[in-house]
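Participant: Can you read through this structure? Questions will come right after.
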Amino acid sequence: MTNSARAAAAAATVAVLAAVVGGCSDNGDGSSTSKSPTPTASASQGGSPSADAGTVNSRSGKLGQILVDGQGRTLYLFEADTSDKSTCSGGCAKAWPPATTTGTPKGGGGVKSDLLGTTTRDDGSKQVTYNGHPLYSFEGDQEPGDTNGQGLDQFGAKWFVLDEAGNKVEKPAEDSSSGGGGY
């Protein structure tokens with residue numbers, strides 16, 4: 001490689017590093033911040049970013065009027081959560097991604113804004129709560145409106161959808177092989 005080729009390669013490397021570092025800023029206190037999309041579920045826990053982060057709506061279906069996120073994905077409570085503190089992490093949070101937000105959660109439809117809140121997870125993210133229950137989606141729900149997690153006993157306790165009052169719905173989901181399980 002010639003000296004001019006090495007110089008061009010070095011300049012390109014510096015430009016790429018500058019672009020990467022440019023996305024971060026120093027707060028003057030030794031910490032750095034970077035801008036990122038607001039997630040509905042922590043990406044480190046199997047979730048995906050969404051513009052509808054922290055939005056809780058309600059939707060009518062076979063289980064009645066239940067809570068869904070801003071993308072229409074069913075939200076669940078975990079019976080092992082006996083307070084607003086989540087007990088679902090690691091493999092549990094991969095199968096049942098927590099609904100997280102970086103802002104104030106918003107309610108739509110019949111959702112009661114005074115029942116919305118957040119709790120801080122062990123990883124520092126803010127999980128959306130409703131009526132004191134940390135909220136989760138289920139990886140087994142493929143389409144908006146699916147309720148395949150209803151009544152499942154996983155990770156030491158059962159999972160249930162919630163009604164607009166923030167109470168668990170104990171009605172079993174219909175067998176998805178017979179066309180149920182969703183809306």
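Participant: Tell me the residue from G109, G103, G124 that is open to solvent by 20 Å² or more (accessible area, probe 1.4 Å), on the phi > 0 side of the Ramachandran plot, touching a Ser or Thr at 6+ places or on another chain (Cβ under 9 Å) and not in a helix (DSSP H, G or I), please.
Facilitator: G109
Participant: Looking at (1) closer than 17 Å to T55 by Cβ; (2) open to solvent by 70 Å² or more (accessible area, probe 1.4 Å), find the lone condition where P134 falls short.
Facilitator: P134 satisfies every listed condition except (2).
Participant: Just the residues that are open to solvent by less than 30 Å² (accessible area, probe 1.4 Å), at pLDDT below 95 and under 18 Å from G140 (Cα atoms), please, taken from region 32-69.
Facilitator: Those that are open to solvent by less than 30 Å² (accessible area, probe 1.4 Å), at pLDDT below 95 and under 18 Å from G140 (Cα atoms): T40, A41, S42, Q45, G47, G61.
Participant: Among the residues of region 71-85, write down those that are open to solvent by 20 Å² or more (accessible area, probe 1.4 Å), at pLDDT 95 or above and under 13 Å from the mean Cα position of the chain (by Cα).
Facilitator: Passing the criteria: only R73.
Participant: Right, here's the next one. State the number of residues belonging to region 139-183 that are open to solvent by less than 50 Å² (accessible area, probe 1.4 Å) and modelled with pLDDT of 95 or more.
Facilitator: Residues in region 139-183 being open to solvent by less than 50 Å² (accessible area, probe 1.4 Å) and modelled with pLDDT of 95 or more: 17 in total.
The values are calculated or read from the model by the stated rules, or taken from the named source; none is laboratory data. Note that this is a predicted model, so its numbers are computed, not measured. Cβ coordinates were reconstructed from backbone atoms using ideal geometry, including for glycine residues, and neighbour counts include every protein chain displayed. These accessible areas exclude ligands, DNA and RNA; they are computed on the full protein's heavy atoms, side chains included. Shrake-Rupley method; radii C 1.70, N 1.55, O 1.52, S 1.80 Å.
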